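First up is the structure itself, then whatever we jot down about it.
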Amino acid sequence: MSEKMNTFENALDWVDDTIPKSVRFDDTYYSKTDGHSETGHVFIQGNNLGSRLIDTSAFSVGELGFGTGLNFLTLWRFWRELDIKDSKLNFVSFELYPLSKSEILKALSRWPELQTDAEHLFKNWNPDFEFFQFKHTGISLTVFFSDANIRLPQLQLKVDAWFLDGFSPAKNPELWNADLMQAVFAKTNMDGTFATYTSAGWVRRNLQAAGFHVERVKGHAGKRQMTIGKKTPLDPLA
Ligand SMILES: C[S@@+](CC[C@H](N)C(=O)[O-])C[C@H]1O[C@@H](n2cnc3c(N)ncnc32)[C@H](O)[C@@H]1O
């Protein structure tokens, strides 16, 4: 699938009237337990961002699947609270089926602490363009409204940490395939990492085959395992 979908083709169901669920993928955008704390556990801790962000003045994050922007908003807040002098954070994400602004704001309304940032961030959101950009003291976000399989390999980009956040691999296999995992590895700086909530064996093998050192670690709230990995200097493919 290479073309951006119109938002009206991107039907949503709402679980408990607050959690968006994609009809196309039959999966929710974030954990039914607490998506905000899941982002903290899986993506921020999974990539060890607490200490890595403090240690550097410029850091770059890539994400597969922008969805509601919950991961970005959670990271933005986390990074701002670290209050690192003169630091820069660059976040690049991909979204083939963008949600509308009203859907996103409804999905985020369960976290009052994110409201002000969300309204600011999505003020000029318009998925009719090729991409969306947002800049705010030290932070920069670009969301490409295209298939990550096509757009990522075209970009001159290297990131320090990946948030691999497609829908469940069984339902959204194109966001976890071997070629895309190779592109993710190629676009990762040395010592860069990835984290994902899934522990699916075939996804882990795709990431290993791409060149990452892969580990399974404890998952978030009731989930037994998730997967993390690193690009190390000994990797023959590096
Ligand atoms: C689990 S949701 C992401 C949740 C998101 N990170 C958040 O913070 O709300 C997965 C996302 O991947 C997107 N997606 C699925 N296939 C894609 C593709 N081939 N390229 C880019 N995005 C894709 C979906 O439309 C959906 O928004």
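When only C-alpha pairs under 8 Å and at least 6 residues apart count, what is the relative contact order of the range 7-230, in percent?
20 percent
Of 135/230; 158/231; 85/187; 158/230; 171/231, which ones are farther than 22 Å apart at the Cα?
135/230; 85/187; 171/231
Which of the peptides 174-183, 148-157, 60-69 is most tightly packed, and how do the rest follow, going by the mean number of other Cβ atoms within 10 Å of each residue?
Per-residue Cβ counts within 10 Å, averaged per peptide and sorted highest first, yield 60-69, 174-183, 148-157.
Compute the distance from the alpha-carbon center of the range 164-187 to that of the range 102-125, in whole Å.
Their Cα centres are 27 Å away from one another.
So if I take the centroid of the Cα atoms in the range 194-238 and the same for the range 18-77, what is the distance between those two points in Å?
If we compute the Cα centre of each part, the gap is 16 Å.
Each value in this text was obtained by applying a stated rule to the coordinates, not by laboratory testing. Here the structure is a predicted model, which is why all the values come from computation and not from measurement. With ideal geometry, Cβ positions are generated from the backbone for all residues, glycine too; neighbour counts draw on all protein chains shown.
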